[in-house]
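Notes for the one structure printed next.
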Amino acid sequence: MSDLNAFITETEVAGTDEGPLSDTRVAVKDNISTEGVRTTCGSKMLADYVPPYDATVVSRLKEAGATVVGKSNMDEFGMGTTTETSAFGPAKNPVDTDRVPGGSSGGSAAAVAAGEADLALGSDTGGSIRCPAAFCGVVGIKPTYGLVSRYGLVAYANSLEQIGPIAPTVAEAAALLDVLAGSDPRDSTTVDAGDGSDYAAAADGDVDGLTLGVPTELVDGADEAVVETFWDAVSALESRGATYEEVSLESIEHALAAYYVIAMSEASSNLARFDGVRYGHASGDGNWNEAFAETREEGFGAEVKRRILLGTYALSAGYHDKYYKKAQDARAWVRRDFESVFEDVDLVASPTMPVLPPKLGESLDDPLQLYLMDANTVPVNLANLPAISVPAGTAEGLPVGLQLIAPKFDEATMIRAASAVES
Ligand code: GLN
């Protein structure tokens with residue numbers, strides 16, 4: 001297709017003839033299983049892996065009439081914020097091809113922003129739908145944990161992640177969420193809150209009487225240009241009848257550390273299956289330990305190895321209480337903080353990303369700097385809440401995203417407010 005490198009595999013799998021998504025081209029992130037179409041997770045480890053079944057969300061797309069046009073590029077196993085850790089080369093941002101599209105669902109957002117797909121699926125463990133949506137100037141929704149089935153999603157950190165829609169407009173993202181949402185007997189963490197939903201109808205732009213909470217902690221650290229665009233969007237909502245107040249989430253300063261300890265710990269366990277026997281690229285013909293080590297040495301990239309090592313360390317006997325348990329305590333604190341803020345406000349608003357999209361190659365050398373970019377998105381996953389990123393305008397010619405966070409299963413309210421930002 002184009003030189004954006006948005007797709008790892010191009011395909012054309014048509015759905016049923018009639019449905020709400022007939023004549024719609026959908027890109028599917030390459031960590032979501034597609035029957036007969038290779039699913040690499042952006043990794044050399046799975047470069048030749050062809051799943052024998054569809055993820056539940058893919059079955060639902062097909063039943064709704066959608067055509068799957070490709071498997072979109074991503075950071076390896078979802079570990080990254082720029083799509084540069086992909087073993088298939090980085091994707092580019094269609095707004096400025098010298099810049100990253102964000103990550104880890106960068107291929108999905110780039111494809112939608114460039115019109116190479118009408119809609120896309122991403123997955124969001126700590127921001128991977130919202131970040132690329134913000135950087136590419138499109139809409140992304142991270143649903144409440146349990147609203148959308150994870151059956152067929154290759155796990156990175158399963159207690160944090162959800163599949164969700166990326167689309168040009170709020171109404172289209174909401175309509176896609178209607179197709180995806182709902183309980184699934186194959187994923188026991190799903191609930192029936194989305195069964196028979198009508199999120200598309202919520203995109204009516206009516207924010208009269210709505211109250212927004214703006215956590216100072218999520219605005220103070222952001223770039224000036226981003227903050228200015230953020231406040232313009234809040235003012236626009238005010239002019240349509242919403243009010244805002246500043247709120248404080250004291251636990252937030254610990255969210256990033258807690259997120260990375262939990263995500264890496266879960267990753268170290270989830271990625272153990274890639275041993276060349278059960279799954280993955282096989283190498284070595286010596287004893288099992290050597291073959292296992294060689295397979296993983298060759299199959300995984302540097303960022304994935306770093307996280308498996310750190311996660312294994314955090315879970316090891318003697319350190320478990322010091323790191324993993326502390327991180328779980330912080331996670332519970334973040335959840336309680338949000339609960340008490342939602343006693344006073346309907347939605348929490350912040351910039352989606354504290355920075356503008358970086359240039360390609362700029363951020364890879366410094367993993368810590370990259371982790372810091374996730375400061376505003378990871379608290380949402382720790383608390384299992386829904387959030388949307390909607391284009392708020394531009395700064396220095398680059399897109400800025402507004403993040404709206406809602407109480408659990410109140411997707412409709414955040415969709416309503418996001419549609420007001422758009423108009
Ligand atoms: N950037 C975050 C990470 O690397 C989030 C990734 C994601 O949501 N998959 O963990």
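Tabulated values for the structure
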item	result
Within straight-line cross-link reach of K142, lysines at Cα separation under 18 Å, skipping those fewer than 8 residues along the same chain	K29, K408
Segment 88-167 versus segment 200-217: alpha-carbon centroid distance in Å	23
Percent accessible area from carbon and sulfur atoms, the chain, protein chains only, probe 1.4 Å	48
Length added when fully stretched, V191-E228, from 0.36 nm per residue minus Cα-Cα	9.5 nm
Fully extended contour minus Cα-Cα distance, from D98 to D344, at 0.36 nm per residue	84.3 nm
Residue-normalised accessible area of the chain, given per residue in Å² at a 1.4 Å probe	37
Principal axis dimensions, segment 212-253 - Cα atoms, whole angstrom, descending	32, 21, 8
Accessible area (Å², 1.4 Å probe, nearest 10) - D365	140
5 angstrom amide H check on D184, placed H, neighbours 5+ away	T190
Debye-sum result for the chain in log10 I(q)/I(0), which assumes one identical scatterer on each alpha carbon, at q = 0.08, 0.10, 0.14 Å⁻¹	-0.38, -0.61, -1.24
Partners for K322 among aspartates and glutamates (Cα-Cα distance below 15 Å; same-chain residues under 8 apart left out)	none
DSSP H segments from the chain that extend 18 Å or more along their own axis, Cα-based, with Kyte-Doolittle mean of -1.0 or above	224-239, 255-270, 302-315
Extension reserve of the D321-S423 stretch, reckoned as 0.36 nm per residue once the Cα distance is removed	31.8 nm
R0 of 56 Å, Cβ-Cβ distance E35-S239: FRET efficiency to nearest 0.05	0.70
Centroid-to-centroid separation of segment 1-43 and segment 228-257 [C-alpha atoms, Å]	35
Residues whose placed amide H lies under 5 Å from that of S72, excluding near-sequence neighbours	I8, V28, K29, D30
Calculated FRET efficiency for the pair D198/S269, C-beta based, R₀ 35 Å, to 0.05	0.40
D329-A14 pseudo-label distance in nm [points 7 Å out on the Cα-to-Cβ vector]	6.0
Given K62/K325; K305/K359; K44/K92; K305/K325, the pairs whose alpha carbons are separated by over 30 Å	K62/K325
Over the chain: helical MRE at 222 nm, DSSP H runs n ≥ 4 each giving -39500 (n - 2.57), nearest 500	-9500 deg cm²/dmol
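The values are calculated or read from the model by the stated rules, or taken from the named source; none is laboratory data. Since this is a predicted model, take the numbers as computed values, not measurements. Glycine also receives a Cβ, built like all others from the backbone with ideal geometry; neighbour counts cover every protein chain displayed. The protein model used for the area step is the full one, side chains on, heavy atoms only, and it has no ligands, DNA or RNA in it. Shrake-Rupley method; radii C 1.70, N 1.55, O 1.52, S 1.80 Å.
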